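Here the structure comes first, spelled out in structure tokens, and everything after it is commentary.
The values are calculated or read from the model by the stated rules, or taken from the named source; none is laboratory data. Keep in mind that what you see is a predicted model, and the values were worked out from it rather than measured. Every residue, glycine among them, receives a Cβ derived from its backbone with ideal geometry; neighbour counts consider all protein chains shown.
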Amino acid sequence: MRLKLEGRNLRVAAPILVGAVTLIVGVFAACGGGGSAGTPTPSPTPSAAISPLPGTLTPTPLPPIEPSSYRFLYSEFGVEQDLIWSIDPSNPADRVQLAAVPHGAGWGIKPALSPDGKKIAYNAMSDGGLFPKTDAETRILDLESGETKLVVQGVDLLTAPSWSPDGRLLFLRRNAGEDVTIILVQLSKPKVEGEDGQRTRDGAEVDEDGYVELDPPLIRTVLRQHESDVFSYIPLGFDPEEATMYFAHLQGGTELGSYLGRYAPATGEAVATATAIVEATATAQAATPEPSPTLAPSPSPSPSLSPTPLPVLPGDIFLFLSDQLVRVYSLSPDASRIAFPVQGFVEGEPVTRTHIADIKGKDVSLLPSPEGLSAGDQLSPIWHPDGDKVSFGQLPSGVDPGRVAIVPLDGSEATSLPPPEQGFDQPLIWSPDGKFLAVSSFTGASIGNPGLSRLVFVSPAGQRPAAPEGAEFEPIGWVIKE
């Protein structure tokens with residue numbers, strides 16, 4: 001994985017056919033067991049367990065590595081297909097190939113794990129596609145059955161799909177001519193009132209929550225602005241209680257800057273309710289005859305049977321974040337705050353610092369810098385699972401390698417994770433139980449010269465199990481062991 005300060009890397013080359021996904025049959029259900037697909041390179045020996053930032057690290061005996069209840073999924077880049085792996089962070093020899101995903105030569109995929117961990121939505125270049133901003137397509141891979149389904153075409157490859165919290169919607173970025181848009185893909189809908197049993201009148205299967213899969217899915221444009229007004233939309237995440245999607249609005253034109261916006265409805269139930277209200281209103285209006293100035297009766301229009309689309313909106317832009325175009329964001333577990341990096345100056349030198357946006361309080365502030373924290377750049381800030389601390393990478397300082405700092409919001413003492421023997425770590429995703437942080441560990445000394453990278457799982461207890469060496473990779477997420 002290459003160092004990415006403002007989004008994931010795109011591998012650019014000539015496109016070829018993107019076909020179906022090849023699944024390693026039965027592996028996903030059994031991925032809690034053994035069966036490695038390769039011989040791992042031994043993990044580097046850590047020098048110390050988690051420690052306060054000030055002072056010199058002293059080598060200490062490490063306790064046995066504590067297993068996690070989760071496995072990590074990631075895609076490994078290949079010229080014509082990406083491999084999707086499931087790996088045990090405490091025992092990287094237990095690595096299982098789940099699928100092989102064909103794509104246009106050199107392009108790679110942008111994957112996203114569904115909330116229930118059973119599916120992966122991914123963007124890939126289409127057959128004959130040339131332009132990543134307009135020619136990609138979105139597919140959904142069912143990890144249990146191995147089936148893959150084409151969802152929509154003509155989307156932006158540069159961003160991954162965003163699942164709604166209930167897994168019934170996808171939000172995707174699409175560039176339509178001179179307009180920048182976000183489309184909502186409705187994957188299922190509630191069964192019609194009065195239909196009982198496991199199938200609808202037309203034979204469609206009803207799931208345990210009473211929803212029916214839409215084939216093809218419904219596609220609506222929910223955000224749209226001219227490129228002179230908005231440079232880009234970036235979906236950030238969701239507040240399930242408010243049925244709201246938060247997004248970054250990067251202002252185009254002469255007034256460059258980054259703003260926080262929100263869009264609702266953003267769950268399957270909320271969309272179904274809003275659609276029903278819109279359709280009922282339209283039907284009622286269509287059934288009401290207009291007053292006529294003549295005595296001749298006017299026939300009432302027939303109600304429309306097709307769904308009335310939700311209104312296209314610019315979104316509710318409610319908080320100014322930065323006068324810079326920021327492309328990296330992390331939404332807190334409770335959807336109340338957002339962490340993001342902004343470049344400033346310290347003693348005349350450009351330095352990237354972490355800022356925190358309080359969504360409810362509509363305020364932006366600099367993350368506290370406790371004593372002993374490195375004065376260098378803060379890389380890829382992400383939230384700790386407990387929601388009250390932020391983790392970010394740091395570059396090497398002198399002969400010392402860069403380490404991941406964990407900084408509490410209340411300004412109390414910061415801690416650090418065990419560093420690599422050389423280079424620095426870029427945080428990716430914490431396991432939900434907080435036992436491991438997946439990082440991209442670089443061997444170089446700077447952003448301009450990052451060196452080689454490798455997937456490593458860093459434990460606060462001091463261990464650093466490493467995945468087998470391979471090609472560039474994209475993190476997908478954590479799933480509970482079966």
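I want to confirm something. Restricting to the stretch 120-147 and keeping residues that are within 25 Å of residue 70 (Cα to Cα) and surrounded by fewer than 20 Cβ atoms within 10 Å (Cβ to Cβ), which single residue is nearest to the chain's Cα centre (by Cα)?
142
Residues are listed down the side, and each one gets a yes or a no for (1) assigned to a strand (DSSP E or B); (2) at pLDDT 95 or above:
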| residue | (1), (2) |
| --- | --- |
| 290 | no, no |
| 298 | no, no |
| 307 | no, no |
| 319 | yes, yes |
| 328 | no, yes |
| 333 | no, yes |
| 344 | yes, no |
| 350 | yes, no |
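Surrounded by fewer than 23 Cβ atoms within 10 Å (Cβ to Cβ), of a type outside the set (D, E, K, R) and modelled with pLDDT under 95, is that true of residue 398? I'd like the intermediate steps shown before the answer.
Working: surrounded by fewer than 23 Cβ atoms within 10 Å (Cβ to Cβ): yes; of a type outside the set (D, E, K, R): yes; modelled with pLDDT under 95: yes.
When the stated conditions are applied, residue 398 passes them.
Provide a single number: the residues in the stretch 357-382 that are out of contact with any Asp or Glu (no Cβ under 8 Å at 6 or more places or on another chain), part of a strand (DSSP E or B) and surrounded by fewer than 20 Cβ atoms within 10 Å (Cβ to Cβ).
Going through the stretch 357-382 one residue at a time, the tally reaches 3.
Does residue 269 satisfy the criteria of being among the charged types (D, E, K, R), at pLDDT 55 or above and outside any helix (DSSP H, G or I)?
Working: among the charged types (D, E, K, R): yes; at pLDDT 55 or above: yes; outside any helix (DSSP H, G or I): no.
It is false that residue 269 is among the charged types (D, E, K, R), at pLDDT 55 or above and outside any helix (DSSP H, G or I).
Restricting attention to the stretch 430-452, which residues are crowded, with 20+ Cβ neighbours inside 10 Å and β-branched (Val, Ile, Thr)?
Hit for the stretch 430-452 is 439, nothing else.
Take the residues of the stretch 242-268 that are in contact (Cβ under 8 Å) with a residue 12 or more places away in the chain and among the charged types (D, E, K, R): which is nearest to residue 165 (Cα to Cα)? Reasoning before the result, please.
Our first condition is that a residue be in contact (Cβ under 8 Å) with a residue 12 or more places away in the chain; within the stretch 242-268, this holds for 242-253, 256-268.
Next cut, among the charged types (D, E, K, R) only: 242, 262.
Numbers: 242: 11, 262: 15 Å.
Ranking the qualifying residues of the stretch 242-268, first place goes to 242.
Enumerate the strands (runs of 3 or more DSSP E) found wholly within the stretch 76-151, keeping only those where 3 or more residues are touching an Asp or Glu at 6+ places or on another chain (Cβ under 7 Å).
Ranges flagged: 81-88, 91-102, 119-125.
What's the number of the only condition in (1) part of a loop (DSSP other than H, G, I, E, B); (2) over 17 Å from residue 85 (Cα atoms); (3) touching a strand residue (DSSP E or B) at 6+ places or on another chain (Cβ under 8 Å) that residue 446 fails to meet?
It is condition (3) that residue 446 fails.
Listed residues 408, 418, 432; which is out of contact with any Pro (no Cβ under 6 Å at 6 or more places or on another chain), in contact (Cβ under 8 Å) with a residue 12 or more places away in the chain and not aromatic (Phe, Trp, Tyr)?
408 is the lone residue from the list that is out of contact with any Pro (no Cβ under 6 Å at 6 or more places or on another chain), in contact (Cβ under 8 Å) with a residue 12 or more places away in the chain and not aromatic (Phe, Trp, Tyr).
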